[in-house]
Amino acid sequence: MEFNCVRDCSQCCIEREYYPTKKFGKVGVLILGEEKERIESLARAHKIKLRILPRIGVSYENQLGPDRIIAYQMMGREQNGNTCPFLDTESTERSSHNGFVCKIYDQRPLACRAYPLIENDPPTLDSKCKFCQNGQTATGNLGGETEAIIQIKSKMATGAPIIWRYATGTGEAEDMPQIRKGWIRDLTL
Ligand code: SF4
Ligand code: SF4
């Protein structure tokens, strides 16, 4: 079956999740180091205020924090971390599946090009995507998504032995006592 967005859906541009656990806060859209300047420049052109935080860092011997940041994250514009700043929720314009329009669709980050594919071998879709929640599975029509996820993986593969994940300090008001902010050493990417 081919993948197609569910009519009216904009869920993946709005809802942000706690990842990998609540302690780390809600994550933003993954932005590779090489994408950061381009996305910031697009935000300036559209007069959009961005909040970009670090996401993943690596170190070789340093046990206190990362030596190098390999990925950032673009936080949602709402206080609870939801809603991408580039999602146009004001206009009446709609995407081909009648969702809200992305103001930088043709220049969106690789993470947005990959979604809802979260693994290419074997192809695996994010179970939170509305398409999957409707009980569908897709194996076709994922060429662009596959290309994007392969690129992301190759840029994130540093071989560094120590991985750090940045806790965003962002989430729902009632969850704030459990949410941390700053670098936390993590075992997985
Ligand atoms: S990728 Fe999934 S969650 Fe995102 S708009 Fe399409 S159907 Fe909705
Ligand atoms: S950049 Fe565009 S596609 Fe990506 S999350 Fe934001 S609105 Fe959605």
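Among the numbered conditions (1) in a loop (DSSP other than H, G, I, E, B); (2) crowded, with 18+ Cβ neighbours inside 10 Å, the only one that Tyr72 does not meet is (1). Taken together, Lys26, Lys22 contain a single residue that is touching a residue at least 12 places away in the same chain (Cβ under 8 Å), closer than 26 Å to Trp164 by Cβ and in contact with a helix residue (DSSP H, G or I) (Cβ under 6 Å, 6 or more places away or on another chain), which is Lys22. Under the condition of being more than 23 Å from Ile52 (Cα to Cα) and modelled with pLDDT under 95, the residues counted in region 161-186 number 1.
Out of all the residues in region 142-159, is one or more of a type outside the set (A, V, I, L, M, F, W, C), crowded, with 18+ Cβ neighbours inside 10 Å and either outside any helix (DSSP H, G or I) or over 20 Å from the mean Cα position of the chain (by Cα) (or both)? No, region 142-159 contains no residue that is of a type outside the set (A, V, I, L, M, F, W, C), crowded, with 18+ Cβ neighbours inside 10 Å and either outside any helix (DSSP H, G or I) or over 20 Å from the mean Cα position of the chain (by Cα) (or both). Residues in region 97-141 that are without any contact (Cβ under 8 Å) to a residue 60 or more places away in the chain and among the hydroxyl-bearing types (Ser, Thr, Tyr) were compared, and the one that is surrounded by the fewest Cβ atoms within 10 Å (Cβ to Cβ) is Ser127. Residues in region 84-98 that are within 9 Å of ligand 2 (Cβ to nearest atom) and part of a loop (DSSP other than H, G, I, E, B) were compared, and the one that is nearest to His46 (Cα to Cα) is Phe86.
Please go through region 99-131 and give me each residue that is more than 13 Å from ligand 2 (Cβ to nearest atom), outside any loop (DSSP other than H, G, I, E, B) and either hydroxyl-bearing (Ser, Thr, Tyr) or under 12 Å from Leu142 (Cβ atoms) (or both), ordered by number. Hits for region 99-131 are Leu117, Ile118, Glu119, Asn120, Pro123, Thr124, Leu125, Phe131. Note on region 132-154: residues that are over 11 Å from Leu117 (Cα atoms) and either of a type in the set (Asp, Glu) or within 16 Å of ligand 2 (Cβ to nearest atom) (or both) total 2.
The values are calculated or read from the model by the stated rules, or taken from the named source; none is laboratory data. Keep in mind the model is a prediction, meaning the values are calculated, not measured. Backbone-built Cβ (ideal geometry, glycine too); neighbour counts: all protein chains shown.
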